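Engineer: Right, I'll just put the structure down here and ask away after.
The values are calculated or read from the model by the stated rules, or taken from the named source; none is laboratory data. The shown structure was predicted, so the numbers you read here are calculated from the model rather than taken from an experiment. Using ideal geometry, Cβ is built from the backbone for each residue, glycine included, and neighbour counts are taken over all protein chains shown. With ligands, DNA and RNA removed, areas are computed over all heavy atoms of the protein, side chains included. Shrake-Rupley method; radii C 1.70, N 1.55, O 1.52, S 1.80 Å.
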Amino acid sequence: MSKVLVSDPIDQVGIDILSQVASVDVKTNLKPEELVQIIGEYDALMIRSGTRVTQEIIEAGTQLKIIGRAGVGVDNVDVPAATRKGIVVVNSPEGNTIAAAEHALAMMLSMSRYIPDANASVKRGEWDRKTFVGAEVYKKTLGIVGLGKIGSHVAGVAKALGMKLLAFDPFISTERAEQIGCQLVDLELLIQQADYITLHIPKTPETTHLINAERLAKMKPTTRIINCARGGIIDEEALAAAIKEGKIAGAALDVYEIEPLGESSLKSIGKEAVLTPHLGASTAEAQVNVAIDVAEQIRDVLLGLPARSAVNIPGLNPDVLQELKPYMQLAETLGKLVGQLAGGRVELLNVRLQGELATNRSQPLVVASLKGLLYQALRERVNYVNASIEAKERGIRVIETRDASIKDYAGSLHLEATGSLGTHSVTGALLGDGEIRLTNLDGFPINVPPSQHMLFTLHRDQPGIIGKLGSLLGSYNVNIASMQVGRKIVRGEAVMALSLDDPLPDGILTETIKVPGIRDAYTVTL
Ligand SMILES: NC(=O)C1=CN([C@@H]2O[C@H](COP(=O)(O)OP(=O)(O)OC[C@H]3O[C@@H](n4cnc5c(N)ncnc54)[C@H](O)[C@@H]3O)[C@@H](O)[C@H]2O)C=CC1
Ligand SMILES: O=C(O)C(=O)COP(=O)(O)O
């Protein structure tokens, strides 16, 4: 039975789902060295933001197939390291959207009315109505940095509060921003004009310290800033200084450069700073959503099914996969075949998606072709997750082309591999019953079902060759299951494709090439 480690608190509903297919251990607050020590036993790891999944942990996770992040941000997971090892990383892209957006809005309003400090003063027994005179958000300008799922929901509610909306998001179109009711502007303008700035972007090298001393200095003294996205997008020291020096009016923060927040100048700011301990996703509803979302994906992957929202398998969503499933096997087979024909080191793989496969949705077929191509070198270590990265690291260039006009079959796939030993190509299609047919080899038309052991020859089309080759194979006790010659002109160059019942013994290729008329021969194991 598979084993799953849950290393952060998740809702019981998630544990129940995992328990359908695996034995589940819940061990929270593990130290990194403790996690490294035990991770080798587990097939899956389920986390929230509390566990840092470093390269060291991934290396130690020799059985790991999937890391499930019960939430959105995967910045605490070394995704490239997981990808290299073929480990799927999944998250819950939408499960906590509303919770995080509502938290940002709650932070904006409670910061504006000093609610946390006013509440604390009443509980201390005071009745101070002068200190806590706040500001209204009505008719103020809200600058939203990152107009994705959370940013868009914040926009909708803020509009209803009567706010004017500016947004900065280089990856969103002006039309989309307008639909949401936001004016798309550049970051510098947003920073100068906004009364409130709320961040809803991922933490990346580009967004680290996006809000720094220089940008804080350009804000209005009345500006208030909200960060419920990720710690480190704001330079915390610069922010604390800007509030203390009156350069801006306040900040409401849910996330920090280092969590839990330790010694920090943020803590010495008075009512102008509202600090929560990373509570954006902490609602009962969101925790149920993310636990179900991620536990189901872990369960599916452990059962050999695809994951719904893998962050490191682009385009491989289950609907598309269902549609392409029969062709994935074709692509993998052709990849294996052309890789072995090319021999040596492949430098370029040209994948042509033909007929009805000539659409963007067919992109996973390129990944499947690469998986087949790399199988020879990597065996079971290559999968859909790491095929592209492994190819890149080996310097294999991939060119993807589409030709909808080729209609010999409903859809067909043409692979051409160029390596140190030359260029070879193979085309394949599916018959009505879903059976694979090799339809072209190095430009010669054929019609052959692939089999585990195959022999291909390039020869001159002349009498006697087939007989001689048959005798040669017979002398090695190799049985021929099917044989076909493909030629363009009579007595010209031709290829022969043989499906064999038995593996070819060593040395037979040298013998094959000695047969008069045969120029070259290749063995392939599929
Ligand atoms: N405090 C909490 O507990 C929670 C925090 N989050 C965090 O909130 C953030 C946003 O999450 P979602 O809206 O779900 O993500 P999303 O992917 O839907 O939206 C992110 C948006 O940021 C934009 N973006 C990326 N780089 C940018 C840049 N350099 N400048 C401006 N815009 C940029 C993208 O185009 C995208 O529209 C994430 O960092 C996530 O980790 C999410 C849930 C809970
Ligand atoms: O989903 C996210 O990105 C979050 O930040 C939520 O974090 P959490 O699962 O509450 O540790």
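Engineer: Can you compute the modelled spin-label distance between residue 1 and residue 401, with each label point 7 Å from Cα toward Cβ, in nm?
Structural biologist: 5.4 nm
Engineer: While we're on this one: Round to the nearest 10 and give me the degree value, 0 to 90, for the angle of helix 284-302's Cα axis relative to the longest principal axis of the chain.
Structural biologist: With both axes taken from Cα atoms, the answer is about 10 degrees.
Engineer: With runs of 4+ DSSP H residues as the only contributors, calculate the mean residue ellipticity of the chain at 222 nm using -39,500 (n - 2.57) per run, divided by the residue total and rounded to the nearest 500. Provide the component values of the computation, followed by the final result.
Structural biologist: Details: 17 runs with 178 residues, N = 526.
Result for the chain, helices only: -10000 deg cm²/dmol.
Engineer: Nothing charged except the Cβ atoms of Lys and Arg (+1) and of Asp and Glu (-1): what's the magnitude of the dipole of region 148-210 about its Cα centre? Round to the nearest 20 debye.
Structural biologist: Working: 5 positive and 7 negative charges, 56 e Å.
Dipole size: approximately 260 debye.
Engineer: Whenever you get a sec, compute what percent of the accessible area on the chain sits on carbon and sulfur atoms (1.4 Å probe). Provide the component values of the computation, followed by the final result.
Structural biologist: Details: 12470 of 24080 Å².
With neighbouring chains kept in place, the figure for the chain is 52 percent.
Engineer: About the Cα centre of region 100-146, how large is the charge dipole given +1 on each Lys and Arg Cβ and -1 on each Asp and Glu Cβ? Please answer in debye to the nearest 20. Don't skip to the end; give the middle numbers.
Structural biologist: Working: 7 positive and 5 negative charges, 28 e Å.
Around 140 debye, computed over region 100-146.
Engineer: Return the whole-Å distance between the Cα centroid of region 174-225 and the Cα centroid of region 405-422.
Structural biologist: 48 Å
Engineer: Probe of 1.4 angstrom, ligands and nucleic acids ignored: what's the accessible area per residue over region 1-149, in square angstrom? The partial results should precede the final answer.
Structural biologist: On the way: 7010 Å² over 149 residues.
Roughly 47 Å² per residue, with all protein chains present.
Engineer: Okay, moving on. Taking 8 Å as the Cα distance limit and 6 or more residues as the minimum spacing, I'd like the relative contact order of region 106-249 as a percentage. Before the final figure, lay out each step's value.
Structural biologist: Working: 233 pairs, mean separation 28.5, N = 144.
Contact order relative to length: 20 percent.
Engineer: For helix 363-378, report the angle its Cα long axis makes with the longest principal axis of the Cα atoms of the chain; keep it between 0 and 90° and round to the nearest 10°.
Structural biologist: Approximately 60 degrees, to the nearest 10.
Engineer: Could you order the peptides 344-351, 65-72, 213-220 from most to least packed, using the average number of other C-beta atoms within 10 Å per residue? Walk me through the numbers on the way to the answer.
Structural biologist: On the way: 344-351: 18.5, 65-72: 26.8, 213-220: 16.1.
Per-residue Cβ counts within 10 Å, averaged per peptide and sorted highest first, yield 65-72, 344-351, 213-220.
Engineer: Quick one: the Cα spread of the chain along its three principal axes, in angstroms, biggest first?
Structural biologist: 107, 47, 37
Engineer: Which sequence of 129, 230 reflects their accessible areas, 1.4 Å probe, from the largest down? Numbers along the way, then the final one.
Structural biologist: Numbers: 129 185, 230 40 Å².
So the residues, ranked largest to smallest area, are 129, 230.
Engineer: Sequence gap at least 6, Cα distance under 8 Å: using those rules, report the relative contact order of the chain to the nearest whole percent. List each step's numbers first, then the result.
Structural biologist: Details: 1106 pairs, mean separation 59.6, N = 526.
Here the relative contact order equals 11 percent.
Engineer: Sticking with this one: Would you check the accessible area of residue 113, probe 1.4 Å, heavy atoms only, in square angstrom rounded to 10?
Structural biologist: 130 Å²
Engineer: Which angle from 0 to 90°, rounded to the nearest 10, does the C-alpha axis of helix 318-342 make with the longest principal axis of the chain?
Structural biologist: 50 degrees
Engineer: Right, next: Hey, could you pull the Cα Rg and Dmax for region 221-323, both in Å?
Structural biologist: That works out to 19.8, 60 Å for Rg and Dmax.
Engineer: Taking Cα centroids, how far is region 431-487 from region 42-62 in Å?
Structural biologist: 48 Å
Engineer: Counting Lys and Arg as +1 and Asp and Glu as -1, each charge on the Cβ, what is the dipole of region 127-180 about the Cα centre in debye, to the nearest 20? Each step should come with its number before you reach the end.
Structural biologist: Details: 8 positive and 5 negative charges, 46 e Å.
Charge dipole of region 127-180: 220 debye, to the nearest 20.
Engineer: What fraction, in whole percent, of alpha-carbon pairs in region 256-296 exceed 14 Å separation?
Structural biologist: Numbers: 501 of 820 pairs.
Within region 256-296, distances greater than 14 Å cover 61 percent of Cα pairs.
Engineer: Please state the relative contact order of region 1-124 as a whole percent: Cα pairs under 8 Å, 6+ residues apart?
Structural biologist: Numbers: 176 pairs, mean separation 24.6, N = 124.
Here the relative contact order equals 20 percent.
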